[in-house]
Structure formats: C-alpha cells, structure tokens
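Note sheet for the following structure.
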There are 2 protein chains.
Amino acid sequence: MASSVITNPRIPTTRSPSFHNKEPSAPLRRVYLPQTSRTPFPDFYFSTRYSYAAAVVKCSSSPEQATQRRHRPPYVPNRIPDPNYVRVFDTTLRDGEQSPGATMTSKEKLDIARQLAKLGVDIIEAGFPAASNDDFEAVKMIAQEVGNVVDDEGYVPVICGLSRCNERDIKVAWEAVKHAKRPRIHTFIATSPIHMEYKLKKSKQEVIEIARNMVRYARSLGCEDVEFSPEDAGRSERDFLYEILGEVIKAGATTLNIPDTVGITLPAEFGQLIADIKANTPGIENVIISTHCQNDLGLSTANTLAGAYAGARQVEVTINGIGERAGNASLEEVVMAIKCKGDQLLGGLYTGINTYHITMTSKMVEDYSGLHVQPHKAIVGANAFAHESGIHQDGMLKNKGTYEIISPDDIGLERSNEAGIVLGKLSGRHALKMKLSELGYDIQGEQFDNIFWRFKTVAEQKKRVTDADIRALVSDEVFQPATVWKLCDVQATCGTLGLSTATVKLIDAEGKEHIACSIGTGPVDSAYKAVDLIVKVPATLLEYSMSAVTEGIDAIAATRVLIRGEDNQTATNAYTGEQFNRTFSGTGAGMDIVVSSVKAYISALNKMLGYANGPAIGVEAKKASVSA
Amino acid sequence: MASSVITNPRIPTTRSPSFHNKEPSAPLRRVYLPQTSRTPFPDFYFSTRYSYAAAVVKCSSSPEQATQRRHRPPYVPNRIPDPNYVRVFDTTLRDGEQSPGATMTSKEKLDIARQLAKLGVDIIEAGFPAASNDDFEAVKMIAQEVGNVVDDEGYVPVICGLSRCNERDIKVAWEAVKHAKRPRIHTFIATSPIHMEYKLKKSKQEVIEIARNMVRYARSLGCEDVEFSPEDAGRSERDFLYEILGEVIKAGATTLNIPDTVGITLPAEFGQLIADIKANTPGIENVIISTHCQNDLGLSTANTLAGAYAGARQVEVTINGIGERAGNASLEEVVMAIKCKGDQLLGGLYTGINTYHITMTSKMVEDYSGLHVQPHKAIVGANAFAHESGIHQDGMLKNKGTYEIISPDDIGLERSNEAGIVLGKLSGRHALKMKLSELGYDIQGEQFDNIFWRFKTVAEQKKRVTDADIRALVSDEVFQPATVWKLCDVQATCGTLGLSTATVKLIDAEGKEHIACSIGTGPVDSAYKAVDLIVKVPATLLEYSMSAVTEGIDAIAATRVLIRGEDNQTATNAYTGEQFNRTFSGTGAGMDIVVSSVKAYISALNKMLGYANGPAIGVEAKKASVSA
C-alpha cells in the first residue's frame, strides 16, 4: 500500500491516499506514556497507522522546488499575520562572533550580512554596538547597506543591535541600527537568582524597574521594534519571569526572547517553559515569543523545535551553530527540520528561508570565523552527503533514497561529479566569470583581473581547477583586510638538518621595501620571525592550521592563523561586562605552504593593525549618558 | 527561597527543601498543549513550582564525585536487574570507523577498545568481521585482550561483532567474538519498504524467514547474546515491525535494536516508536530494547534520550558522534545529559560510565579516526569550556556557575592553567614519566627513550612543553603503523620564486637507504613526489591538514594526510554489501612543517602497505558456508 509512494525522495510525489486513511489495518493497542508532573518526554499519540515512508518522501524536493518558498507574511514588529510562520533571527554576527577567535572585520561582517539576506533570514542581529568602535561601525554599515535593500516581494531584513539594559548601550545601539528600514533594539538583563545575586547584585524589584525603564527608553528614541531577553530564563523563577515579561510588554517590547543561556534544558522542559510563559504572562498575545537555545548538552536543535511547537514564532540561531562554548542552535538544522517535518508533525510551521543558499553561507561563515565545521556536522559537514567512495558508488547513486533523506540540491550543494562548468588550463576569462557567478560571487575590475591571473597560474600546474580552488583564490584575493603590509617575496630552506632559514621582503603602506632574514625551528617559524623583525608589532600566535582545499598532492593549501595583540585591541563582553583582548584571524592560500603561511600571518597582522586604528563612534553616541 | 541552594554548581549540595515542596507560592494556570494525533512535542505538565536552579545544581560534582558511580547491575543478556540502568553500547569501532577516511589499524582499534573499557561502556561493538581480514583480526584481538579483563566489581565489556543476516557473516562474527568472556553477535536486515524493495528485493515473509533462521543459527553456534536490528525501522510499517520483532524474540534474540537509519525522526516521534514497540511486540518483556539514532537533522541526542525515556535500556552511541554522513548520537552528550537530568527528569535513569575518562577517549578517537571535532562541539569541543580570554577572565573563574553547568573535572578535562606537572628544559626522565602517566599513557622501554629524547629536543627550543606537545609526540612515536619505510632525512627549499625542490632519504624494511629529489609546486609537493619516486606505490592524496598543537610560533605542528590506494585494499560495506576502497590516514609531528608533513605521508603509506599484507581470516571462518 504505502510502497507505491516510496520512490526516490528526490522525485517529488503527492501524498499517498493512505496518509489520510484513519482506519486501522489491524487492531493495535494505543499506548500513552505515564503522565506525571516530571514527564520530560511526550505522551502524545502518534498514529501507528501513519505511514512513516510517506512522511519522508516530502523531505526532499527537486532543484526547482528547492528555491520555491511559501509566501512570507508582511512584517509587523509584534504580530505575524500567518500563525504558522516562524521568523528566523540569525545571530551569527553577534553571538557567533563572540566565540573565542571568531572576531571578524567590518567588511567580513558586511559580506555575511548580505549572504544572510540572500538566505532570507527575517532578522539579522548584526552585533553589540557598545562593545567597541569597530562593532558600532559594522552594525551601522550593515544597517545602511543591507537594511535598505528591499526585494520585489517587499522583503528586507530587520537589522538588530544588542544592548545591555542601560541608556548608553541602548542609545549607541539605536545610532547604529536606525539607518535600516526596519531597525530593532535587543536589550537584556539577567533574571535568574544566581545571576541577579552574583553578577548584577540587584533585587528582583530593581531588575524589573531597570528592564521596564530601558524598554521604554528604547521606544522613546523612536524604535518601534524592541526585543527583550530575560537572561538565563531557563534557571529563573517562573512567577518572577511572568511578572517581568508582563512589565516589559506594557513598556512597549514587541518580541520576548527566552534564552536557555547555559544549555541545560531537555526539549520537553524547554517547550513547557515556552508554553507556561504563553499561558501565564499578561499581555503575551500582543508580542512574539522567541527561543534562544545554547548547545551545551547537544540538544539546542531539539529544544528550539520544541519551543516553536509550544508557541514561539521566532527562533534565534547561528550559521553552523557557532557561538560561545558549545554554540547555539544551528540555522541549517532547525530550518531543514521544519522543512522536513513542519507540515506533518509541527502543525504546519514553516520559515521564509531559501535553503538553496545554506551551503554557500555555511562556507563563508566557516572561512571568516575560522571556526571549522566537523566532517560529521549535520546538513553542512563535509561528510553529511558523502558515502564511502569506492568501486560501486554508483549503486548508491542509483537509489539515493535508501540512505539520503535530504537532496543536496535543497541546500545548494553540488556533488563534485555533477558540477556545472569545468575549468582547466584552456578556460578563458568568460568561463571564469561564469564559474564565479555560479558560485555566488560578483567580482569585477582589478580584483577579477588578479583572480584570473592567479587562476591561470594554478591551471598551468593542475589538470582540473575545482570549485574549492576558486573559492580559496577568492578568499585570498577579495576577502582580505585593508593592506598595511604586503608580501613581496619569501624564500626558505628547511629539513631534518635543522638550521631552517627564511628571507622575506615586505612592502609597507608607502610602497617602501623591507627585507629581513631569520632562522627558526622550521620554515614557517623562520619566516614569521623575519616578518616580526620588519613589522615590529608584538603579537602572539594562538592557532595555526592548514588544509589542502582539494584532492591531489598539488592542491592549493589554505592557511589560517589566529593572533592576539597587546591591550590596545579590547572590546566589552555583552554578558559579563568585562573587557577582553580581541583575537584576529588571517587566511592565505597558495600552492606553496610556506608562502600560504606567510600570507595568512600578514593578513592577520593587517587585520589587527586596521582594528587598532579603527574609526571612532559617531558623535551622538558619544554624548549618550550612562545609566542604570 | 531557592536562592539558598544556588551556589557554585561545582560545590556539591543537597537538594533544597523547596524541591519537594508541592505547595504553589501563588495561583498559576496549568497549561496543557493541544492533544492531537500529530503532536510531536510534549504536553506533559512540568510543575511551575519546581525550582530550575535546584535542578541545575546537581549537574556538576566535585572531582571526587566525578569518579563515583552508582553500582552497575550484574550482566544478564536479556534482562537488567535494575529497571533504571541504561546500557551504553559503543559502536565507534564499527559504525564510526565506517565514516569516510576513518579507517583504523587493528592496533589503533585495540587501543580504543582498552580506553572504552576504562570508560566503562557495557558493550563494545568492535567491528564487522566479514568486511575484510583486517576487520576480522581486529575484532578477534579485542575479544581476546579486552574482552577477558574482569575488574574487581565483575565488570568486563561485552564484545560484539556485526553481521548481515547470512550464515557466513554470522559464523565469521562468532569466530571473532567467541574469545571474549561475554561475546555478542549483532545481526540485522532491512525492514522498510524502500529497502526491502530496492536493496533486498525480497518480500516481507522472506525477510521474516531469514531473520528468524539467522537468529536461531547464531544461538545454535553457542552464542547466548544475540542482538537483532530491523534496519531503517524508522521508515518501516509498524505492524510488520511488531511481527518480525516478535519472531526473532521467539528465535532467541536478547536485544532488539531500533535504528533511525536515516536520522529523520523528531524526538517525540522516535520515543513513540519505542513505546509502541514496547506495547505491541509479543514477548518484548523478555528482551532489552535499544536505540540507534543517526544525526542527519542534528537530533540524535534528543532522540536517544526520548527512546530511553520511553523504555529503551540500551543506547547505541559513538565517541564524538562520528559515523557515516552526519554521524550518530554521541556518547558524551547522551551520558552527560543522563547524568545531569536522569534523576530529576528521566525517571531515575543512570549509566555505568565513568565520565572522568571522556576527554581522553575523545582525543584518542579524534587522533585515530582523523575526524576532528569542531571547536563548538558539545562537551568535548575545544571551546566547550573556554571563555573569551582576556583581562578579567578571573572574574569568570570566581563564579563559574554563572555560565558553566558541567565542571570540566567531571569529564577529565584540566584547564591548562590548572595542570599538574609542568615540564621544561630541566625536566628529567622521572618528570616525563609522571606526566605521561598523568595523561593516561603507559609507555616503557625503547618507546619511552625515543619520546624522552624528542621531548628534550623540543624543550631546548620552547620555554614550556605543554600536555598537547606531549600528546603529539606520543601520537607520532607510539601510535604508528608497523614500519615499512622510514624517513631518514629531508631537505627542501621553496618560496615565491617557485622552483621548490626537495630531497628525501628513506630507509626500507631491510635497512637499505634510498635517495631521491624532485621539484614541485611547494616544499611538501616536492617532498611527496620524491617519496613517490622511491616507494613506487600508487596512492592518491585525498586530504592534507596541519595544525599547531599549542600556542606560539615555535609550536609542534601535527600533520594528517588521507590517501587512497589501488583496488587491492577493499572491504565490504555492511549495509550496501558493496566493495569499497579503504582510505588510510597518517599523522606526523615535528617543529618543521615540511618534516612533519613527510612523516605523515610515510605513516599513511606504511598503514596502507600493512593493510594490503594483512593476515588471513582464521581457518574456521573460511570454511563457513554462505547462506540466505
């Protein structure tokens, strides 16, 4: 019966008639799990007559379907016209960027924000403007350049800035986001006993007073879209939570975000928290409830889905699940789970995400944040769609449905053997331009010329230039910080004999050449020491990694380094309020690993030097008084 | 009220009296989510009076508590004397090793099996003996050497071998595992319409017949512990599932494993599947139900917990969550969630795992499988317990409870600034031996001498030799395949000028020296080409990566390569039955990246050459007839 619909999931199919057939084929016992006040897992009755196979077929779609989306309802801050629509709030640029070593430049953040808009996220949390001048400028630039591009359907992402519950932070956040067509301020204060006692040193009533006043202050600035988060909600006392949430609703909050700050809840527990808030908070019907789940026990995706099912209509997520400690719920997992299961099991929930851009966005965030994704990461890991390659791999290809539930096309992933344009040494400028466009890059002028020249060099030495090669060249050429120092030449000798020696020639901002040589424990150590002799800026190398971007011994090597400078590059942690030293990543690509390594180091140094000399915060922001 | 117990979670505390206080402090509405036949998330009532803070306090424990475990009930194949005890079945060596590129040598598998026994896993699935001679020998060796070490409490891990539903596979599996004190055969056959139609090309009745006969055959060999899995159970028709499971119970199966093979279920859906099986399968009360959740939607941990809550008393997991595609539920997440929440929210569930060994096991599996863990991986990622470092980091340290729910001590992770013995250039053999022992290594004789000699070389050039440095040296020295080729010397020149050249001198198994030089696109490419000129075994480089193991420009670099040889190194995929080419990883460590890279390549070549010349399957196994 059901087998008639169990075809290759990549081929779209209609629901089997048996899907709606409620008559049991044989008498079966219904089972309810014990209903107790501590039951953390569901006792719903999931019909035993329901065809599992039919449920799976819908998960995948044809390439044409992948880009089709249901209509996105119009944006009203505190209300969603369609009760089944779930807003996706991406905080890669704020919570994600807060991860150790994930510091990004303003330009990198802008690139990611543009990509997030392609993906169709409803809200981009662009940063914590009060953290530093650099953070302020990045949020402002994103508000101006991404927050004003309205598409044919009227879509433009909301641009959101985080602020602590004080007037200065809120004022600074507003100065940064107000340039967007749809600006939002997101303010928060801790509400759990442990945080109020140890971090805030304030009473419940003081905390309520601050929250109410600051939400009101944000609205008074002209911001009509204000999100409030009770930090550590998962460990807060329930009645206090309802009270403070009710007060901020009265003060004008439009979205209430419920964070599981320490990532300790089980799915049913978090779902119940959302359901309880929905049932007990006065005025809750006038605002949107949001989830924000940390991943400390590996449950963030399940918790987010449980929250949405229980009534949350905004989910806070990051690309690749990055974030402090074990990170956040990842956009790709939550969105694909809703896509696969929303209709059948989540009461019709859907999002406005164009999943076709997931792979590209994931790779960009991986590159910029330097936080690599493990090969077995769900949806976007290198192995997520890979099968042990071998003699009869085509057997798998013939019936992908046996082990594959999501089509790679759905997330914009092309298998290497199905790629479109193949580049080789005879390919010209037009072919390269087509390939760049296929990969989602729009590169013109001198940058294109540079990439073309480097592409030809690679093509001379490799039979086939792959997509990964091209991506590495683009990263190396385009996604680089403003140049202070530039590598002219490097030469190194090394080996088991020891006495590694490297000579480097750098060009400074005025075009003057500097040469130095050094010995070291290896060619990279020697070369870095030679660079230090010229640049003379103290920096500690925290991480160094390299990988070949494609198969083959002659592949391009991509190097990434992470450095930390002295005390002059600090920012403020939003939650702890503490100053911390920024760390800076740099990347370099090349067929010679020593050259690639030196490029990466110089890129990181340039990023650090650029940050130290960053622009000042706008005048208005500086005038803002500090309160609370 | 509750705030009296909200102290630092690292300090053990008793439950607050409020925990048991069922009187509400204020009238609150109870809320039940809508109860429909498609409800995928819970509608249980989670008491609003329950103190969340109190729930969290128990999650962490003192170092002394971390090694304390509840009593493990005695092992009976089909019955657990304590209804709350959950068996942990680790399949890192079988399902995990099946990941692309994760091939391990027998020696590596044995090391991991020993570590899994330290961790206290109840069952080690040691491999798929019929896959190849090498797999057979690995399982046999583990059965002999790990499956016979009984500790003071009577604990010895069950050693399990996978087999398809045919007599030859089962016979071979039995020949491998029978040497263990507690041997188990795990056999499986697909039961979903899509798999039966496209892969097996068999009818339901034929599939039942095969399953019944093969379980009976396994028992007839003398194996008293037989596990059966209906592959792709998540997409199988329910009544057919109950029928086949009932039949294999009658035939003598002792554990029924329910795999969500394609990782498509939501937690409540999977929990319901387990509950339904428990309610509808004849004879189910006489066997153990097991979960096996793939992670394609990032829900494997939640699904596993839902399954256990619904009645499963065995959970199949892997270290770091490795496995094909997006991997499996990870041991560390499932075990820590049960440890944190078992008492309060999962009806008292507990495991026998000594969580103190989690970190070490995770690192060993990462090293051997070559599948790196992302920095934001829950529990074992590099950032899982890291906070953005900076000026006032000690603020966080003063009250870890604000952002940390599990103590690093619980999983055997020491913060670098809390490490015990600090090694430097003046440290002697005794200090190194102490440090190795602290890190869990027991290394003697020549291997110790070699490590000591290399440690002194590193200490000459670095101020402080860290734990990571020592681990890298041990990996490089001890965890290496049998030597066929050995690196004697390498010398390379490279740089932006091009014309990279490398000369290598290798020593073969007979001690003869071979020298070759080559040019290439960089120093590593040149050196690898020179090695190829000597070794003359065709190999494709699939992956190349390198990272510094510690901070600082003079750190040790660890290189990993993955190569694939020709058709003579094949194995059989358990599920598809297809032959595939094995891939081989190699690692090398050194302060010179070129030297480190060449070592890694030679290590991979040696592994590949060793595999090709591997021992033959035991005589009995060869005689086994092929059936079904």
- Which is of a type in the set (Val, Ile, Thr) and closer than 23 Å to B:ALA218 by Cβ, of B:VAL86, B:VAL150, B:VAL146? B:VAL146
- Message: Yes or no: the range A:545-552 includes at least one residue that is among the aliphatic types (A, V, I, L, M) and either modelled with pLDDT of 85 or more or surrounded by 22 or more Cβ atoms within 10 Å (Cβ to Cβ) (or both).
- Response: yes
- Message: Which count do you get for residues in the range B:326-347 that are more than 10 Å from chain A (Cβ to nearest Cβ) and under 14 Å from the mean Cα position of the chain (by Cα)?
- Response: 2
- Only unsatisfied item for B:LEU273, checking (1) touching a helix residue (DSSP H, G or I) at 6+ places or on another chain (Cβ under 9 Å); (2) more than 11 Å from chain A (Cβ to nearest Cβ); (3) not charged (D, E, K, R), is (2)
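For the range A:282-304, which residues satisfy the criterion of being under 17 Å from A:ASP122 (Cβ atoms) and within 11 Å of chain B (Cβ to nearest Cβ)? Full working, then the answer.
Residues of the range A:282-304 that are under 17 Å from A:ASP122 (Cβ atoms), as a first pass: A:287-292, A:304.
Result: A:THR304, single match.
With the requirement that a residue be polar (S, T, N, Q) and within 10 Å of chain A (Cβ to nearest Cβ), what does the range B:250-270 give you? Even if it seems obvious, please write down each step before you answer.
Residues of the range B:250-270 that are polar (S, T, N, Q), as a first pass: B:254-255, B:257, B:261, B:265.
Residues satisfying the conditions are B:THR261, B:THR265.
Does B:ALA308 satisfy the condition of being at pLDDT 95 or above, assigned to a helix (DSSP H, G or I) and either facing another protein chain (nearest Cβ under 7 Å) or at positive phi (or both)?
Values: at pLDDT 95 or above: yes; assigned to a helix (DSSP H, G or I): yes; either facing another protein chain (nearest Cβ under 7 Å) or at positive phi (or both): no.
When the stated conditions are applied, B:ALA308 does not pass them.
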- Check A:GLU513 against each of (1) touching a Lys or Arg at 6+ places or on another chain (Cβ under 7 Å); (2) surrounded by 15 or more Cβ atoms within 10 Å (Cβ to Cβ) and name the one condition it does not meet. (2)
- Assess whether A:ILE123 counts as being buried (at least 24 other Cβ atoms within 10 Å of the Cβ) and touching a helix residue (DSSP H, G or I) at 6+ places or on another chain (Cβ under 7 Å). no
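Which members of the range A:430-448 meet the condition of being surrounded by 13 or more Cβ atoms within 10 Å (Cβ to Cβ), assigned to a helix (DSSP H, G or I) and not aliphatic (A, V, I, L, M)?
Looking only at the range A:430-448, we keep the residues that are surrounded by 13 or more Cβ atoms within 10 Å (Cβ to Cβ), and these are A:431-436, A:438-441, A:443, A:447-448.
Subset that is assigned to a helix (DSSP H, G or I): A:431-436, A:438, A:447-448.
Listed by number, the residues that qualify are A:LYS433, A:LYS435, A:GLU438, A:GLN447, A:PHE448.
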- Message: Pull out all pairs, ordered by first then second residue, where Cβ-Cβ is under 8 Å, the residues are six or more apart or on different chains, the first lies in the range B:283-296 and is more than 15 Å from B:ASP225 (Cβ to Cβ), and the second is among the aromatic types (Phe, Trp, Tyr) and crowded, with 24+ Cβ neighbours inside 10 Å.
- Response: B:THR291/B:PHE270; B:CYS293/B:PHE270
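This table checks each residue for (1) charged (D, E, K, R); (2) on the phi < 0 side of the Ramachandran plot; (3) within 12 Å of chain A (Cβ to nearest Cβ).
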residue	(1), (2), (3)
B:LEU487	no, yes, yes
B:GLN491	no, yes, yes
B:ALA502	no, yes, yes
B:GLY511	no, no, no
B:ALA516	no, yes, no
B:PRO523	no, yes, yes
B:ALA530	no, yes, yes
- Counted residues, the range A:348-374 - those being modelled with pLDDT of 90 or more and within 7 Å of chain B (Cβ to nearest Cβ): 2
- Of the numbered conditions (1) under 18 Å from B:PRO77 (Cα atoms); (2) free of Cβ contacts under 8 Å to residues at least 40 places away in the same chain; (3) not in a loop (DSSP other than H, G, I, E, B), B:GLU316 fails exactly one; give the number of that condition. (2)
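The values are calculated or read from the model by the stated rules, or taken from the named source; none is laboratory data. Fair warning: this is a prediction, and the values are worked out from it, not measured in the lab. All Cβ positions, even for glycine, are placed from backbone atoms using ideal geometry, and neighbour counts span all protein chains on display.
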